[in-house]
Each structure stands twice: as C-alpha cells, then as structure tokens.
Amino acid sequence: MSSKVYFDQIAQQWDQMQQSFFSDTVREKALVTAGVRAGQVAADIGAGNGFITAGLLGRGLKVIAVDQSEAMLAEMGRKFGETAEVDYRRGDAEALPLADTEVDYAFANMYLHHVESPGEAIKEMVRALKPGGKLVITDLDEHTHEFLRQEQYDRWLGFKRLEIRDWFIAAGLKNVAVVDSEEKCCGTSCCGGEKATISIFVASGEK
C-alpha cells in the first residue's frame, strides 16, 4: 500500500490519531522558529488534517494547504470551510502545485519521512519560497522502529540531523539550523504492542 492510499483510508480518524502521536507544542515551536507575521502567505506541505494550518490561521496568515490525499483535503475543507484564507491544492512532493516564489513560508510537519526523495522534496519547497522566505520542517530523528514502515507506510525511519542540514544547504538555504524540539513522537504497534518514543527535530533555513 502507498502512503497516499493509507492516508486516504484513515483521513476521518487522523485528528484523533495525530493527537496521540505528538502535542501542539511541536506546531508552536515551528511557528516561532519561522517568526511568522500576519498577512503573509504560508504553504503547509503534506497538510494532512490541517495541524499546521490551524496555527497559521490563528496568527492571521493565508495558507496554501497541499496534500497528495484528496480525502485529507476534504477533511480539511470540512474543518476550516471554504474560505479565502485557505487554498486547498492536491499535489505531490516532486511537483508541488506552487508557483516559483509564491509563498513567504513553507512548513512540512511529519511529511518528509513519507516522500521518496527527501532532498528533492526540500528543493521543491525552496523553489516556492520568495527571496528571504523561510522553510521549517519538523520531523523524526533517525530510529529503528520498523513497524512504522510496515503499519504507517513510512518510507524513512527518521533522519540524521546532519543529513537534513546538508539537504537544506544543497537547496540553497542560508542560516540553516537543525535543533531538538524537546518533544517526542509516540506510537504503539497494532501487532505485538511495540512502543516507539522518537525525538523530533526542527529544521529551518532562509532563502
């Protein structure tokens, strides 16, 4: 099963599932790291249930919410409604439905470990940033919990922080930082009860 099919299937349950995985503090740290300002435009890449989008709207930004799952975008539409503040777009990591230099910020929360080519996905997000725009990614540190690949269709078992830093620099970003969010992602296998507690990093850079 692909990650798209998986997220299509669990879209209606994702709100409840996500709350058990990690706290809202992850979102707050991402937004503070970016230094978001009201009136600007942000892309929420791999938007899912709108976890990041909700925080951006609360700070007065306009959001372009991108996800490969039509079902997830439909759930977001039910949550936030048809509003000028959110533009829902279906798209894939390798070809985001964003124009060059369209957004002031790009966010990707728990997205990178689902894409086939993380380095290329980062370049695509950077392409959409305006000069001076900021990319912030929150994701999992490298781990060994294979059940996440089997049950949640993760392509990558997290990442080395140095690897993330190198990808950001290769994409042309400056002032790159990859730091500990001091938050954990927690999950339990449905087969055998294996538990995972994985640290979450916050990576940021400026175009």
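The values are calculated or read from the model by the stated rules, or taken from the named source; none is laboratory data. What you see is a predicted model, and the numbers here were worked out from it, not measured in a lab. Note: ideal-geometry Cβ built from the backbone for every residue, glycine included; neighbour counts use all protein chains shown.
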Quiz item: Here is a list of conditions, (1) within 24 Å of residue 24 (Cα to Cα); (2) under 17 Å from the mean Cα position of the chain (by Cα), and residue 124 meets all of them except one; can you say which number that is?
Solution: (1)
Self-check item: Number of the exception - residue 138 against (1) buried (at least 17 other Cβ atoms within 10 Å of the Cβ); (2) more than 16 Å from residue 198 (Cα to Cα); (3) of a type outside the set (A, V, I, L, M, F, W, C)
Solution: (2)
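Within the range 96-110, count every residue that is more than 12 Å from residue 43 (Cα to Cα) and at pLDDT 95 or above. It would help to see each step written out before you state the result.
Let us first name the residues in the range 96-110 that are more than 12 Å from residue 43 (Cα to Cα), namely 100, 110.
Okay, now just the ones that are also at pLDDT 95 or above, so 100.
Of the residues in the range 96-110, 1 are more than 12 Å from residue 43 (Cα to Cα) and at pLDDT 95 or above.
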Quiz item: Does the range 155-185 hold any residues that are within 12 Å of residue 118 (Cβ to Cβ) and either under 15 Å from the mean Cα position of the chain (by Cα) or aromatic (Phe, Trp, Tyr) (or both), and which are they?
Solution: 155, 156, 158, 159, 164, 167, 168
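Of the residues in the range 166-182, how many are of a type outside the set (Asp, Glu), surrounded by fewer than 17 Cβ atoms within 10 Å (Cβ to Cβ) and assigned to a helix (DSSP H, G or I)? Write out each step before concluding.
In the first step, residues of the range 166-182 are kept if they are of a type outside the set (Asp, Glu); the result is 167-179, 181.
Narrowing further to those that are surrounded by fewer than 17 Cβ atoms within 10 Å (Cβ to Cβ): 169-170, 172, 174-175, 177, 179.
Imposing the further condition that a residue be assigned to a helix (DSSP H, G or I) reduces the set to 169-170.
Within the range 166-182, residues that are of a type outside the set (Asp, Glu), surrounded by fewer than 17 Cβ atoms within 10 Å (Cβ to Cβ) and assigned to a helix (DSSP H, G or I) number 2.
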Quiz prompt | Filter result for residue 168 (touching a strand residue (DSSP E or B) at 6+ places or on another chain (Cβ under 6 Å), among the aromatic types (Phe, Trp, Tyr) and in contact (Cβ under 8 Å) with a residue 60 or more places away in the chain) | solution = no
